[in-house]
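The values are calculated or read from the model by the stated rules, or taken from the named source; none is laboratory data. From a predicted model like this one, the values you see are computed outputs, not experimental measurements. When we count neighbours, we look across all protein chains shown, and the Cβ atoms used for this are built from the backbone with ideal geometry, even at glycine.
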Amino acid sequence: MSAPASAELHTSSATGELVLEVEGLTTGYGRTVVVRDLSLSVPAGGVTAVLGPNGAGKTTLLRAVCGLLPVSKGRVRLFGEDVTKVAPFQRFARGLCHVPEGRGIFRGLTVRENLKLQAGGRDESRAIELAASAFPILRDRLGQTAGTLSGGQQQMLAMASAYVRNPRLVLVDEASLGLAPIVVDEIFAFLAGLPERGSSILLVDQFAPRALAIASTAYVMRRGEIAFSGTGKELLEGDLFSQYVQGSGSDTT
Ligand SMILES: Nc1ncnc2c1ncn2[C@@H]1O[C@H](COP(=O)(O)OP(=O)(O)OP(=O)(O)O)[C@@H](O)[C@H]1O
Ligand SMILES: [Mg+2]
């Protein structure tokens, strides 16, 4: 991975600064409450993991942080500012990046076209160069339609947005879903390197050991609430890990 120009780097590091504070958040779909009175925070300069079984509300939480779902109670503070009523595109403009479940790439466009869009007004050739330096396979696939890439390559293309936009906080939803272990290793190595560039990470994943390996802080969600918060080590050593994470079934059954 080539080093980016230092002028582009965010300088926030492990100074106790919080890039995200969710306080007493209640949200859901229509009248269905999915996330209830949930609080968590993401420190600058590291990886925070939110783990939990199917249906726990992890994706719903990330959508609410982006502003894609209405908040019926509570607050979302991003980079020190209350954004509870701020539109999603304005949150993204402030330095938030969302790599959604299902990857969020334009499948009908080529890899090059996807990267140009991700550049969002920045230098497009530089964006392509950065993405290709992070995931060299993308360089060989620039003219290929994104929908015809392998699942792993599609995920790499989606992850590239977290590189080319140089965001302050990246929300990653299920980075490893359905991918071969070797590809998952590459993607997690990439994510683990993002804080060095000044991007803090909030990682939602079911593949707990890999997520915990790169996370400094961990939460476990269950039925829309936080069932655990602490360090990855504390989680691995506690009962909750085997109960809710390792052998995770579904929270909806
Ligand atoms: N668009 C929707 N409309 C109504 N209910 C929804 C919608 N999306 C999710 N839900 C419900 O919200 C609950 C939480 O779903 P969510 O997708 O947030 O869980 P998750 O923790 O991300 O699960 P997974 O690990 O399977 O991705 C589930 O009961 C689900 O059925
Ligand atoms: Mg989900």
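Tabulated data
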item	result
Verdict on ARG210 being at pLDDT below 90 and either farther than 16 Å from PRO53 by Cβ or not hydroxyl-bearing (Ser, Thr, Tyr) (or both)	yes
Qualifying residue in region 149-166 (condition: at pLDDT 90 or above, within 16 Å of ligand 1 (Cβ to nearest atom), closer than 20 Å to LEU61 by Cβ and not assigned by TED's automatic domain parsing to the domain that holds ALA44)	yes
Test set (1) assigned to a loop (DSSP other than H, G, I, E, B); (2) closer than 16 Å to MET221 by Cβ - VAL42 fails condition number	(1)
Residue list for region 214-239, restricted to those being under 23 Å from GLU23 (Cβ atoms) and either modelled with pLDDT under 80 or not small (Gly, Ala, Ser) (or both)	THR217, TYR219, VAL220, MET221, ARG222, ARG223, GLU225, ILE226, PHE228, THR231, GLU234, LEU235
Subset of region 94-109 (residues that are under 24 Å from ARG141 (Cα atoms) and surrounded by fewer than 17 Cβ atoms within 10 Å (Cβ to Cβ))	GLU101, GLY102, GLY104, PHE106, ARG107, GLY108, LEU109
Matching option when the condition is assigned by TED's automatic domain parsing to the domain that holds TYR29, over 30 Å from LEU149 (Cα atoms) and within 16 Å of ligand 2 (Cβ to nearest atom), among LEU51, LEU69, LEU61, LEU78	LEU69
Qualifying residue in region 137-144 (condition: among the polar types (S, T, N, Q), more than 16 Å from ligand 1 (Cβ to nearest atom), more than 14 Å from LEU194 (Cβ to Cβ) and surrounded by 23 or more Cβ atoms within 10 Å (Cβ to Cβ))	no
Residue that is nearest to ligand 1 (Cβ to nearest atom), among those in region 48-69 that are part of a loop (DSSP other than H, G, I, E, B) and of a type in the set (A, V, I, L, M, F, W, C)	ALA56
Selection status of ARG91, within 23 Å of GLY30 (Cβ to Cβ), more than 16 Å from ligand 1 (Cβ to nearest atom), surrounded by 16 or more Cβ atoms within 10 Å (Cβ to Cβ) and more than 14 Å from the chain's Cα centre (by Cα)	yes
